[in-house]
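Student: Got a structure here, written out as structure tokens. Questions coming.
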Amino acid sequence: MYYLSEEKVDWILEDLHNQGLTHQPLEGELLDHICCAVEEAMWDHDTPFEQAYQQTLIAFGEEGILKVQKATQQLAKRSPFTQRITRLSTLIAACLILFIGMVVQAQGRPDSHPLNQELPVVADFGNIMRPFTQQSRFHRGVDIRVPVGTQVFATARGTVTKASFDSKKGYYIIIKHDDTYSTIYTHLSKLLVKPGTKVKKRTPIALSGNTGRSTGAHLHYEVHKNGQVVDPKKYFGK
């Protein structure tokens with residue numbers, strides 16, 4: 001079987017354009033039909049390319065070409081409507097993508113209470129008096145008074161990046177929720193997760209405690225947004 005080169009296919013396509021058969025939805029079908037017929041003529045009868053092409057157009061017939069031209073013109077008349085539908089579809093798709101993005105972003109927002117209940121906040125976010133030195137300092141989160149052994153929950157879905165112990169924080173956990181938010185839970189008595197654990201909103205992650213540098217049983221809780229600490233109380237129950 002003989003197969004036309006890309007140059008010959010392009011030559012046929014240009015000639016079809018010159019005849020007004022240029023509307024994209026029909027162009028491919030017409031080109032494929034004519035190329036196949038030309039290839040068969042060249043293979044079966046050893047006909048030169050241009051002669052085979054002219055014979056194919058004659059065989060296709062003036063009536064056939066006129067039908068294609070008429071269909072092309074009718075489709076072209078509908079193209080403004082088609083374009084409007086396309087623009088509307090694009091707008092709907094864009095809105096859907098935006099909506100999905102907002103849903104995903106909302107799922108990463110730490111908008112619940114880490115203890116799943118209202119308990120006394122004994123130290124607010126911001127400047128407070130340091131209990132050990134009686135000097136003012138900036139408090140990076142909130143301290144919530146809670147009995148040792150109370151369940152602590154993830155405030156949004158995410159991945160545990162740290163679950164460890166140090167002398168200041170005691171047992172602590174850091175969760176990365178998305179590219180915007182992360183949260184920190186410290187002075188815990190028991191860790192229920194480990195680094196790499198995937199958590200959902202309100203997944204139990206630890207038991208509260210009094211470990212590390214602490215003056216009494218409480219949970220220290222921080223919210224980080226774009227790398228900066230923010231007031232956690234603004235996110236409780238939202």
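Quick note: the coordinates plus some simple rules give every number you see, no bench work behind them. All values reported here derive from a predicted model rather than from experimental measurement. No Cβ is skipped: glycine too gets one built from the backbone with ideal geometry, and neighbour counts run over all protein chains shown.
Student: Students often get this wrong, so check it: of Lys168/Lys198; Lys194/Lys234; Lys176/Lys233; Lys190/Lys225, which have C-alpha atoms separated by over 23 Å?
Tutor: Cα-Cα > 23 Å for Lys168/Lys198; Lys194/Lys234; Lys190/Lys225; rest within.
Student: List the residues, sorted by chain then number, that are 5 or more residues from Lys190 or on another chain and whose placed amide H is less than 5 Å from its amide H.
Tutor: Leu207
Student: Could you derive backbone 3J(HN,Hα) for region 222-230 from the dihedral phi with the Karplus parameters 6.51, -1.76 and 1.60 (θ = phi - 60°), listing whole Hz in sequence and x where the residue is Gly or Pro?
Tutor: Result, rounded to whole Hz: 10, 10, 10, 10, 6, x, 10, 6, 10.
Student: Still on this structure, I have one more. Hey, can you grab everything whose amide H is under 5 Å from the amide H of Lys162? Only 5+ residues off in sequence or another chain; H modelled, so Pro and N-termini drop out.
Tutor: Residues meeting the criterion, in which the H sits 1.01 Å from N, are Ile174.
Student: In nm, what is the difference between 0.36 nm times the number of residues separating Asn116 and Arg137 and their Cα-Cα distance?
Tutor: Extra length from Asn116 to Arg137 when fully extended: 4.7 nm.
Student: Explain nothing, just compute: Karplus ³J(HN,Hα) = 6.51 cos²θ - 1.76 cosθ + 1.60, θ = phi - 60°, for every residue of region 117-128 in order, whole Hz, x for Gly and Pro.
Tutor: With coefficients 6.51, -1.76 and 1.60, one gets 6, 7, 10, x, 8, 9, 8, 7, 6, x, 6, 9 Hz.
Student: What nm distance separates the two modelled labels at Gln51 and Arg202, each placed 7 Å from Cα along Cα→Cβ?
Tutor: If labels sit at Gln51 and Arg202, their model points lie 8.4 nm apart.
Student: Which FRET efficiency value, to the nearest 0.05, is calculated for Asn210 and Asp124 with the Förster distance at 25 angstrom and r the Cβ-Cβ distance?
Tutor: For R0 = 25 Å, the calculated efficiency reads 0.80.
Student: Determine the sum of side-chain charges near Gly212: Lys and Arg each +1, Asp and Glu each -1, restricted to other residues whose C-beta is under 10 angstrom from that of Gly212.
Tutor: Local net charge: +2.
Student: From the phi angles alone, apply the Karplus equation (6.51, -1.76, 1.60; θ = phi - 60°) to region 197-213 and give each ³J(HN,Hα) in whole Hz, x where the residue is Gly or Pro.
Tutor: 5, 8, 10, 10, 4, 6, 6, x, 10, 6, 10, 5, x, 8, 8, x, 7
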